[in-house]
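Taking it in order: structure first as structure tokens, then the write-up.
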Amino acid sequence: MLKKRKRSEAEIPTASMADIAFLLLIFFLVTTTIDVDTGILMQLPPPLDEEQKPPPIKERNMLAVLVNAQGDILVENELTRLPQVRQEVIKHVTNDGTDPRYAEDAEHAIVSLKTDRQTAYDSYIDVLDEIWMGYRLIWDGEARKLGFADYETYANTLGENDEDVIKERIKAKISLAEPDAG
């Protein structure tokens, strides 16, 4: 008579599973790119000496833009919608002394952006973008006067040592004012 053999149950070897999981983890850590927030790239002016007083600025040459905690935008204390900020910047910088509410000329024009401490970061960035777009449209117009399609086309023709006459004539003077304490 034949003896019945006891059958062993099939097993899946799991001893190397931890090694495989660890290798996969290392693979994904090495190959994954992680986006790093770089912040806002702006060149700040050097700090003034303690004895040095800030230069005097005529009220007329300063365009005051305020963003409150609710995200409302006030330009010269008047409630303004976001797309209008760009147009106000263009009017202010290109005024050339014709309208007494705006700057005397582009050389003296300053745009001051001030926020509340509770202003949402997105609102701040949106308004700052509109201010920069106002300057960009001004520079585009100046490039067209020189025979270029836009400012970018003009800038691409400049060599390493060439002077950017457009940005030299119309500098982007944006003052980022400190929020009020409180």
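Assorted remarks:
- Per-region count, segment 50-75, residues free of Cβ contacts under 8 Å to residues at least 24 places away in the same chain and under 25 Å from GLU107 (Cα atoms): 8
- Among the residues making up segment 90-102, those that are of a type outside the set (D, E, K, R) and either closer than 19 Å to ALA69 by Cα or assigned to a helix (DSSP H, G or I) (or both) are ILE90, HIS92, VAL93.
- The helices (runs of 4 or more DSSP H) found entirely in segment 103-182 that carry 3 or more residues being without any contact (Cβ under 8 Å) to a residue 12 or more places away in the chain and exposed (fewer than 15 other Cβ atoms within 10 Å of the Cβ) are 121-145, 151-157.
- All told, VAL127 falls short of being hydrophobic (A, V, I, L, M, F, W, C), touching a Leu at 6+ places or on another chain (Cβ under 9 Å) and farther than 23 Å from ARG60 by Cβ.
- Hits in segment 130-143 - residues which are out of contact with any Asp or Glu (no Cβ under 7 Å at 6 or more places or on another chain) and more than 16 Å from LEU63 (Cβ to Cβ): ARG136, TRP139, GLY141, GLU142
Since every read-out is calculated from the coordinates, none of them should be taken as a lab result. Bear in mind the structure is a predicted one, so any value in this text is a computation, not a measurement. Here Cβ is always computed from backbone atoms with ideal geometry, including for glycine, and neighbour counts include all displayed protein chains.
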